[in-house]
Amino acid sequence: MKVSLIVAISKDNVIGKGGLIPWFIPRDLQHFKEITLNHPIIMGRVTFESIGRLLPNRYSIIISSKSKFHRVSDNQPIQLDNESSSSSPSSNNSNSNTTNTTASYKIVNSVESAYTFARDELRADQVFIIGGKRIYESFQSIANELIITYVDINVLDQPQQQLDNNNNSTPATVSKHDDITFYNPFESENERQKWSITKEKQFKKDENNLVDFKIVYYNK
Ligand SMILES: NC(=O)c1ccc[n+]([C@@H]2O[C@H](COP(=O)([O-])OP(=O)(O)OC[C@H]3O[C@@H](n4cnc5c(N)ncnc54)[C@H](OP(=O)(O)O)[C@@H]3O)[C@@H](O)[C@H]2O)c1
């Protein structure tokens with residue numbers, strides 16, 4: 001099973017702020033949708049709650065140590081079968097919903113369970129790791145492919161209004177003390193050398209996409 005890690009990163013290695021992604025780039029979201037469609041996606045509980053809904057036509061595998069948590073969108077609890085949460089990898093500790101084939105999900109309590117569920121139960125030929133930081137770090141060593149959107153901004157320097165294309169928002173410079181999530185897949189030179197670029201595409205900013213960005217594919 002091919003494991004593809006897909007992430008968007010700013011020049012200062014920011015991937016999230018206050019639990020959200022601190023930019024809005026519709027063209028990149030379109031790319032995300034096109035390549036993940038009809039494949040399983042693996043995410044952490046925080047990322048799932050920040051998306052706030054199941055993404056259609058993709059099987060969502062959500063990693064959490066909690067026995068239950070609430071979907072943000074409708075405040076409906078998604079409850080694990082086993083009330084007592086356990087850290088051991090076991091599909092018995094997971095809640096599976098396959099009734100809606102366009103937006104099915106499973107909650108698992110370990111990285112290993114997420115991987116084996118996608119490979120053995122879903123028999124996926126490819127799975128996408130969609131974040132956040134903890135999940136990227138856990139999967140990077142087993143990923144075969146990195147798909148990185150480099151967003152041409154320094155989040156720590158940017159007024160938020162310039163990033164989100166929302167004319168009603170009040171400009172406010174991002175404080176370094178805000179809740180910022182950083183992720184750098186190439187923290188060490190050794191890690192960088194394991195990866196080769198297979199594809200790269202540049203995108204110039206326009207009226208809908210307010211920043212320049214490029215999407216780079218890497219293989220191990
Ligand atoms: N720029 C991008 O491309 C991108 C993509 C996705 C997300 N993000 C951003 O990243 C940020 C979230 O990242 P994050 O690292 O805080 O959260 P995360 O990785 O989405 O989720 C972390 C949660 O996943 C669960 N988890 C992780 N590893 C586990 C393990 N080994 N066993 C059991 N449970 C495990 C835990 O849930 P419980 O607490 O429930 O146990 C943990 O709190 C947000 O700001 C989001 O917007 C950015």
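The values are calculated or read from the model by the stated rules, or taken from the named source; none is laboratory data. In this text, all values refer to a predicted model and were calculated from it rather than measured experimentally. With ideal geometry, Cβ positions are generated from the backbone for all residues, glycine too; neighbour counts draw on all protein chains shown.
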If Asp178 satisfies every condition in (1) modelled with pLDDT of 95 or more; (2) assigned to a loop (DSSP other than H, G, I, E, B) but one, which is the exception? (1)
Please go through region 23-48 and give me each residue that is in contact with a strand residue (DSSP E or B) (Cβ under 7 Å, 6 or more places away or on another chain) and near the ligand (Cβ under 8 Å from one of its atoms), ordered by number. Met43, Gly44, Arg45, Phe48
Among the residues of region 7-14, is there at least one that is more than 14 Å from Phe213 (Cα to Cα), surrounded by fewer than 21 Cβ atoms within 10 Å (Cβ to Cβ) and out of contact with any helix residue (DSSP H, G or I) (no Cβ under 7 Å at 6 or more places or on another chain)? no
Given the criteria more than 16 Å from the ligand (Cβ to nearest atom), under 22 Å from the mean Cα position of the chain (by Cα) and modelled with pLDDT of 95 or more, does Gln140 qualify? no
Of the residues that sit in region 49-77 and are crowded, with 16+ Cβ neighbours inside 10 Å, more than 9 Å from the ligand (Cβ to nearest atom) and hydroxyl-bearing (Ser, Thr, Tyr), which one is modelled with the lowest pLDDT? Ser67
Name the single residue that is nearest to Ile35 (Cα to Cα) among those in region 185-209 being within 16 Å of the ligand (Cβ to nearest atom) and surrounded by 14 or more Cβ atoms within 10 Å (Cβ to Cβ). Phe203
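Please pick out the residue among Ile35, Ile42 that is closer than 15 Å to Ala118 by Cα, under 19 Å from the mean Cα position of the chain (by Cα) and at pLDDT 95 or above. It would help to see each step written out before you state the result.
On the way: Ile35 fails: closer than 15 Å to Ala118 by Cα.
Of the residues listed, the single one that is closer than 15 Å to Ala118 by Cα, under 19 Å from the mean Cα position of the chain (by Cα) and at pLDDT 95 or above is Ile42.
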Counted residues, region 183-200 - those being in contact with a Lys or Arg (Cβ under 8 Å, 6 or more places away or on another chain) and within 15 Å of Ile6 (Cα to Cα): 4
